[in-house]
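Peer 1: Pasting a structure here, questions to come.
Throughout, read-outs are computed from the coordinates displayed, never taken from laboratory work. None of these values were measured; they are calculated from a predicted model. Positions of Cβ are generated from backbone atoms using ideal geometry, with glycine treated the same way; all protein chains shown enter the neighbour counts.
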Amino acid sequence: MDQQGKLNELASMMRHPLKLLRSGGQLGLKVIKILLLTVVAFATINLVAITIALIKLVGAMQQNWLHFTGVLAFAALSMTIMAILVYRSIKLELSLAVYNLTKNYLEKLAGMIVTKIKQATPTATVDRIMDNNSMVREAYSMVPAPLRNLVVFFIQQVPMVGLISASKTTILKENQQQASNFLFTSLNVSIREAIERKLGPWRIWLTLLITILLQVLVISRMK
C-alpha cells in the first residue's frame, strides 16, 4: 500500500473505532490495544471494589455508607482520569502514525518556510514572516481531512517560531536546498522527540496503582 493509500486507510479507521482496534497494528498502532486492555483493567478493579464494598454495606448499613460512597467516588474519579489519559495517548499514537506517513509534507513545509525567510527583509522577525496555519494547510493539502487536526497537533508539539528563529542565520547563509534540509532535520528531530516523550504510559500506570491503593484502603476500613 502506498503512502496515500495508508493515509486514506488511517482516516477510514478513525471513522470506525472497531476497525482501528482490529487493523491498527498494520499501520503501527500497536499501543492502542494495550491502552484498551488498561481500560478493562481499570473497570475490573473498580467493579471488584464496588462489589466488595456493596457486600460489606449490606452487612452493616449505617456504619459503611460513608466508605461505600468513597469507593464510588474513587471509582468515578479514577475512570475519568484514566479516560482522559487514554484518549490523550491514543491521540499521540495516531499523531505519530500520521507524522511517520507524512514526512515528505514536512519537507515541503520546511522548504516553504525557508523561501519566506529568504524573501523577507533582513530585519523581519520570524513571527511576522510566518503564517503557520496557511502554510500548514498548503503543505499538507493532500492529507485526508480527518487527519489534518492531528497534523496541526503534532506540529504544535514544538515551539516553531523559536526553533526557526534559532535557525535563521543558517537558513540565510545556505542555499535553498541546504537550508531546507537543515530546517527539515531540526523539525523532524524536535517533533518526534516531543511526541515520543509524551507517549510514555507512566501516568496511566501511576493512576492504576493509586486507584488500587485507595480502594484497598477504603474497603479495609469498612466493618
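Peer 1: What spacing in nm lies between the two simple spin-label points modelled at residue 166 and residue 73, each 7 Å away from Cα in the Cβ direction?
Peer 2: Each label point lies 7 Å from its Cα, and together they span 4.5 nm.
Peer 1: In addition: Work out, step by step, the length gained on full extension between residue 138 and residue 116: first 0.36 nm times the residue separation, then minus their alpha carbon distance; give nm to one decimal.
Peer 2: Roughly 6.5 nm would be gained on extension.
Peer 1: List the residues whose amide H sits under 5 Å from the amide H of residue 102, counting only those 5 or more places along or on another chain, with H placed 1.01 Å from N in the peptide plane.
Peer 2: none
Peer 1: Within the set 103/198; 118/198; 6/173; 108/198; 108/173; 6/108, which residue pairs have Cα atoms separated by over 30 Å?
Peer 2: On the way: 103/198 20 Å; 118/198 34 Å; 6/173 38 Å; 108/198 26 Å; 108/173 20 Å; 6/108 19 Å.
The pairs that break the limit, which is 30 Å between Cα atoms, are 118/198; 6/173.
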